[in-house]
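Colleague: Can you keep this structure in mind? I'll have questions shortly.
The values are calculated or read from the model by the stated rules, or taken from the named source; none is laboratory data. Values in this document were obtained by computation on a predicted structure and should not be read as measured data. Cβ: placed from backbone, ideal geometry, glycine included. Neighbour counts: every protein chain shown.
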Amino acid sequence: TEHWLAVLAGAVPVAPVHDIAGALSNPFAREVGMLNAVEHPAADAGLTMLSSPLRVNGRRGPNRRAPLLGEHDEELP
C-alpha cells in the first residue's frame, strides 16, 4: 500500500483502504467528525462508529447502531 501511495501521489487521487481498526484510528476521520459514540446494550462503554461519508444537503444521515437479533420483532406486522 505505501509503495503505491508513493508512486501515485500527485498523479491520481489515491488513498489507502483501511480495515475497521485503521479507519477508527485515522486522524482524518476524527478531524472531520466521522467518529461517533453510540450506546449499545452489549457494550457497557458504548461503541465508536464511523459516520457515512455521504452527505445530503450538506448533512450526514443519523448515526444508529444495528439492532440486536430480534430486537424489533414485535414491531413487525
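Colleague: Out of curiosity, is V14 closer than 21 Å to P62 by Cβ, out of contact with any Pro (no Cβ under 7 Å at 6 or more places or on another chain) and not in a helix (DSSP H, G or I)?
Modeller: Judged against the criteria, V14 is not a match.
Colleague: Still on this structure, please answer the following. Which residue out of A29, A23, A15, A37 is among the small types (G, A, S) and out of contact with any helix residue (DSSP H, G or I) (no Cβ under 9 Å at 6 or more places or on another chain)? Full working, then the answer.
Modeller: Details: A29 fails: out of contact with any helix residue (DSSP H, G or I) (no Cβ under 9 Å at 6 or more places or on another chain); A23 fails: out of contact with any helix residue (DSSP H, G or I) (no Cβ under 9 Å at 6 or more places or on another chain); A15 fails: out of contact with any helix residue (DSSP H, G or I) (no Cβ under 9 Å at 6 or more places or on another chain).
The unique qualifying residue is A37.
Colleague: Now for a separate question. State whether the residues of segment 18-37 include one that is more than 13 Å from the chain's Cα centre (by Cα) and in contact (Cβ under 8 Å) with a residue 12 or more places away in the chain.
Modeller: no
Colleague: Right, here's the next one. How about segment 48-77: which of its residues are under 18 Å from I20 (Cα atoms) and either assigned to a strand (DSSP E or B) or of a type in the set (D, E, K, R) (or both)? Quick ask: steps written out before the conclusion?
Modeller: Of the residues in segment 48-77, the ones under 18 Å from I20 (Cα atoms) are 48-54, 63-66.
T48, M49, L50, R64, R65 - these are the residues of segment 48-77 that are under 18 Å from I20 (Cα atoms) and either assigned to a strand (DSSP E or B) or of a type in the set (D, E, K, R) (or both).
Colleague: What number of residues within segment 15-25 are of a type in the set (V, I, T) and modelled with pLDDT of 90 or more? So that I can check it myself, show each step before the final result.
Modeller: Step one: filter segment 15-25 for residues of a type in the set (V, I, T), giving 17, 20.
After this cut, where a residue has to be modelled with pLDDT of 90 or more as well, the list is 20.
Within segment 15-25, residues that are of a type in the set (V, I, T) and modelled with pLDDT of 90 or more number 1.
Colleague: Continuing with the same structure: Hey, could you check segment 22-35 for residues that are more than 23 Å from L68 (Cβ to Cβ) and of a type in the set (A, V, I, L, M, F, W, C) and say which is surrounded by the fewest Cβ atoms within 10 Å (Cβ to Cβ)?
Modeller: Our first condition is that a residue be more than 23 Å from L68 (Cβ to Cβ); within segment 22-35, this holds for 22-23, 25-34.
Keeping just the survivors that are of a type in the set (A, V, I, L, M, F, W, C) gives 23, 28-29, 32, 34.
Working: A23: 15, F28: 9, A29: 18, V32: 11, M34: 18.
Out of the qualifying residues, it is F28.
Colleague: Quick check on segment 36-57: of everything there that is over 17 Å from L24 (Cα atoms) and at pLDDT 90 or above, which residue is surrounded by the most Cβ atoms within 10 Å (Cβ to Cβ)?
Modeller: Within segment 36-57, the match that is surrounded by the most Cβ atoms within 10 Å (Cβ to Cβ) is V56.
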